[in-house]
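A short worksheet on the structure shown next.
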Amino acid sequence: MINNQNQNNEIPDLMDTDLFKFLNNNKFSVILAVLVGLFLYNSFYKVDASEEAVILRLGKYQDTTSPGLHFKFPVIDEVFKVKVKTAFEEEFGFASFNEDIDGYGGNQLISLMMTNDPSIMEVIWTVQYRITDPKAYLFNVMDVENTIRDVSEAAMRRQIGDNNFEQILDNRDQLTLEEDVHKFMQEILGPGEGNYDSGITITQVKITSAKYPNEVAAAFDEVFKAQKDRDIAIKNAEAQKIEAENKAKGEVAVFDSLVAAYRTYGDITKKIMALDAQERIFQKVKDKTIIDSNLDGVLQHLDVGKK
């Protein structure tokens, strides 16, 4: 019992410490200092270099501030930071396309669209954008991301529907699909009467894939193979036609030149034509003997040629 009492006597009483006495004597000053510290701590905010901040005072728009350290009134001011220098990207048609396996994997949503043939086409594309008006981005549209998706899909369906399947499949680089979708989206999402004024700027629209659905791939392959074979046959026939026409024109030109020469130099022309004819005939005969016509009587006595 004596040991316990001694130990209890050794424990200092907090009421007797200098710190407690100081706080007790200066409690109002300490409380005021704490309140001032909290006020100052909540009165400044920092905006990063890639951001801008929108200030609401009592729920009403007050200001948009640039990067740096800024003052705000605690409680009555709200700060919303927006990344204005970040390039955002939305992917359409599926969540993650794997070109190595030429498939879509998982339960991905595929965008099937109708061309003006009409045919069904799978279209995969991405949209990049930046936030250029933080105030409009935060308050003009309730769900900007979904709005972008809806507008982008409407714009792409419109452009796909204005072109035929084969043009898009084989000559997409020669079309202006991406530019037209870009222009349409920016017009709808930008400022102006009747537009969303979403505070974003579309920077790029890129079609990554446009093809026929996998379910009918084999049938489409057969159709396109037949079309290619048809086109090749038509080109070959046209080439043969041109070749025959050129050959005929050449023969006509030669005949016309012979007629003109015959009218001017008849005897010489006949001899030249006779020699040309003999040359063509003799070239076709493998074994031949050329004799003088004055030797006919002698050859008869030798029985030459009777075999």
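The values are calculated or read from the model by the stated rules, or taken from the named source; none is laboratory data. Computed from a prediction, not measured in an experiment: that's the story for all the values here. Note that we place each Cβ from the backbone using ideal geometry, even for glycine, and neighbour counts take in every protein chain shown. Surface accessibility is based on the protein's heavy atoms, side chains included, excluding ligands, DNA and RNA. Shrake-Rupley method; radii C 1.70, N 1.55, O 1.52, S 1.80 Å.
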**Request:** Check off (1) at pLDDT below 95; (2) open to solvent by less than 60 Å² (accessible area, probe 1.4 Å) for Arg158 and give me the number that stays unchecked.
**Result:** (2)
**Prompt:** Hey, among the residues in the stretch 121-143 that are assigned to a helix (DSSP H, G or I) and open to solvent by less than 10 Å² (accessible area, probe 1.4 Å), which one's nearest to Pro191 (Cα to Cα)?
**Reply:** Ala136
**Asked** Does the stretch 194-202 contain at least one residue that is surrounded by fewer than 19 Cβ atoms within 10 Å (Cβ to Cβ) and either in a helix (DSSP H, G or I) or in contact with a strand residue (DSSP E or B) (Cβ under 7 Å, 6 or more places away or on another chain) (or both)?
**Response** yes
